[in-house]
Amino acid sequence: MATIITAENLKQLAREMLKAGYRVIAPAKQADLVVFKAIKDAQEMLPESEYILPQASFKEFVFPRCECILRYRFGEGGKPVFESPNLDGEPPQAVIGCRPCDAASLPILDKIFGWDYVDPFYFKRREKTAVISVACSRAGEGCFCTSAGYAPDSTAGSDILLKKCAGGKYAAEVLSDKGRQLAEKFGSLFEKVEATPPVEVAGLNPAFDVEKIKPWLDKHFDDPLWLEIAARCMGCGTCAYGCPTCHCFDMVDEGDLAGGCRLKNWDTCSSALFTKHGSGHNPRSSQEQRYRQRVLHKFKYYLEKFGLRACVGCGRCTARCPVNLDLRGVLQTIAGKQA
Amino acid sequence: MAEAVEELRALARDLLAKGTVQVFVGYGKGASPGRTAPLIITSADRAAELVWDKHCLNNLAVYLTRSEVTKRGKVGIVVKGCDARAVTGLLQEGQVARENVVIVGMSCDGMGEPLLEACGRCDVHTPAGKDADAHHLACDYVIGKAAVPDAQKEDEGAEYADVARIEALPLAERWAFWQEQFGRCVRCYACRQVCPLCYCKRCAVEKNEPQWLATSAHTAGNFAWHVIRAMHLAGRCVGCGACERACPQHIPLSLLNKKMAKAVLQHFKYRAGNDPTAAPAVKTFELSDENDYFR
């Protein structure tokens, strides 16, 4: 037995989920961009044929760019009163129409946010999030998921994975309990067929052998290559803030005499201030050192610590980079070197 | 363009080989068709990697204040006529010493496919060379001659028509417009990082004793950031548009910059980056100024 959903019914699914009180996050237009948006109307959801990747990943909906994690005010007699925002009342949410690379970022983010301290803000949102991804039937210019250890139809992180078939239909692969519950709850929109019809999945040849990256990184902390490739890095956060797996944040207090808020804000290792110590010393004093950190974190440290690389090969970092610093090319160069 | 690129490569090869410069900044092949990427080379045998085509959009002047480049020695740099204005600004503000840089001006018929809107209004298709008068930045070398004639000087009305459109909106609509625009900002600071004139080692937004500006990407914090950024560039922004092109959220930053440029032109009769001998508008005052807060 296989499960099928039509493009028409996928839109209907978004409509019914909105009606049922879900926050529905889908690729939609925002001015001239395609972005992940909490849509108000199912009509806003773009047909899957009209985009490959929205300009940033949907991580903002589990890890907001700016989030209050503690409120404080001065009560009677100047005594501080603390209050932690409660996310229990947040609606369940569903990401519809993301690509498998973005979905695969969730199991990666789970590792860091659930490591020495379980981040309640991340996990509250994560638990309430269902992911219905659509496998890519064509690859974008900058895509390199197959080099990063994934594929255009990877299942990691998805609750339901849709694959394009002929005639505006999608074969639905239900992958988790969350996915099963959705497929049951909105069962009238899915159709059962005898066997899975032929599906269209993009072919994408790997650009490099990812297994060769870490052995070189292990031995070349001080290699001149870093300056050669990264002297041009501008030191902005465009790559990190579009990246599905970048997860660094800064904590700041904003308030006045009456009270205030402690915020958890996105941060980036590209920034000179990121590692600057209170003493004024900065252990990563130049841009090539910061870029090296970015690569080492994703392809060495994360792998050593959690058994996963912090890159899914979406290629957004390169596409968004103001100086077109090409991570795929850098990795290709590294993979071609003798460790 | 094919001849120009060969001339450029030969020149860069020569400058590096003879040790006239130790590092050369130009354009190289991008990761995808339709893009180039800044190329920073230190050896003559890499000069063949230099590229010159319709996609050389980046304003490379930003690298003149970057230690990753300058620590390698004297810099040779490729500029278009518009980029030369940023170099002029850096010279005027004492950020770059003229003798420490070899400037290679590239004649340019306009960049982008389709042509960038700003290129349609360009009046510096061919950068000024060694024979330039003192009121123009003299490039050490100029390669090629632009085939496109320089645009006629527009009147201020035409030049600032897009600013006027926003100015004409009722206050509430203007507020709503910018709230929507700034609401998108993620505070990646790409606008600041790619700006040749944003060279401060420590930006106002990074000063936290006291915290002058909210660093959070909420709408109020973003308003503060973008207004301060525009104000700090008033009379200094040369209008290259690098900030707007770098913005991943497509915020129309040029509108803000142009609003400032318009005010500076009206009140001080000054255009940033045009004349290396001119006193920058925000770096000078006269006792005869009509406003008494100067005295």
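Quick note: the coordinates plus some simple rules give every number you see, no bench work behind them. The structure displayed is predicted, hence computed values, not measured ones. Cβ sites come from the backbone with ideal geometry, for glycine too, and all protein chains shown count toward neighbours.
Here are a few things to note about the model shown:
- Summarising the label geometry, the points placed 7 Å from Cα in the beta-carbon direction at B:Lys262 and A:Leu87 lie 4.3 nm from one another.
- Each of B:Ile41, B:Asn59, B:Leu11 was placed along the dipole of segment B:2-143 (beta-carbon charges, centred on the mean Cα), and the one lying farthest toward the positive end is B:Ile41.
- Neighbours of A:Lys276 by Cβ distance under 10 Å: Lys/Arg scored +1, Asp/Glu scored -1, total +1.
- Between the C-alpha center of segment A:175-248 and that of segment A:134-171 there is a gap of 11 Å.
- Highest mean first, the peptides A:25-33, B:55-63, A:201-209 sorted by other C-beta atoms within 10 Å per residue fall in the order B:55-63, A:25-33, A:201-209.
- Cross-link pairs B:Lys80/B:Lys269; B:Lys29/B:Lys207; A:Lys37/A:Lys178; A:Lys264/B:Lys262; A:Lys111/A:Lys178; A:Lys163/A:Lys305 - those with Cα-Cα distance over 28 Å: B:Lys29/B:Lys207; A:Lys264/B:Lys262; A:Lys163/A:Lys305
- Helical segments meeting 20 Å axial Cα length and Kyte-Doolittle -1.0 threshold in chain B (DSSP H): B:2-17, B:253-268
- Per the Debye formula on identical point scatterers at the alpha carbon atoms of segment B:2-143, with no solvent, log10 I(q)/I(0) at q = 0.21 Å⁻¹ is -1.42.
- Prolate/oblate/rounded label for segment B:199-257 (Cα gyration tensor, a/c 1.5): oblate
- Global geometry of segment A:155-241, whether rounded, prolate or oblate, following the gyration tensor of its Cα atoms and the 1.5 cut on a/c: prolate
- Straight-distance candidates among the lysines for linking to B:Lys71, with alpha-carbon spacing under 19 Å and chain neighbours fewer than 8 residues away dropped: B:Lys18, B:Lys201.
- A convex hull fitted around the alpha carbon atoms of segment A:1-144 yields 173 Å³ per residue.
- Equivalent ellipsoid semi-axes - Cα gyration tensor, segment B:156-283, angstrom: 23, 20, 13
- Value of Rg to Rh for segment A:89-225 (Rh from inverse mean 1/r over Cα pairs, i.e. Kirkwood): 1.05
- Largest-first principal axis extents, alpha carbons of segment A:2-335, Å: 67, 62, 37
- At q = 0.08, 0.11 Å⁻¹, base-10 log of I(q)/I(0) for the protein assembly as shown (Debye sum, equal scatterers on each alpha carbon): -0.65, -1.19
- Shielding score for A:34-41, defined as the mean number of other chain Cβ atoms within 10 Å: 0
- Model label sites at A:Glu76 and A:Met1, defined 7 Å from Cα along the beta-carbon direction, differ in position by 6.3 nm.
- FRET efficiency, A:Ser285 to B:Glu156 (Cβ-Cβ, R0 41 Å, nearest 0.05): 0.35
- For chain B, the Rg and Dmax computed from alpha carbons only, in angstrom: 19.8, 61
- Helical segments meeting 15 Å axial Cα length and Kyte-Doolittle -1.0 threshold in chain A (DSSP H): A:7-19, A:100-113
- Other-chain or far-sequence residues with amide H under 5 Å of A:Ala130's (modelled H): A:Gln93, A:Ala94, A:Val95
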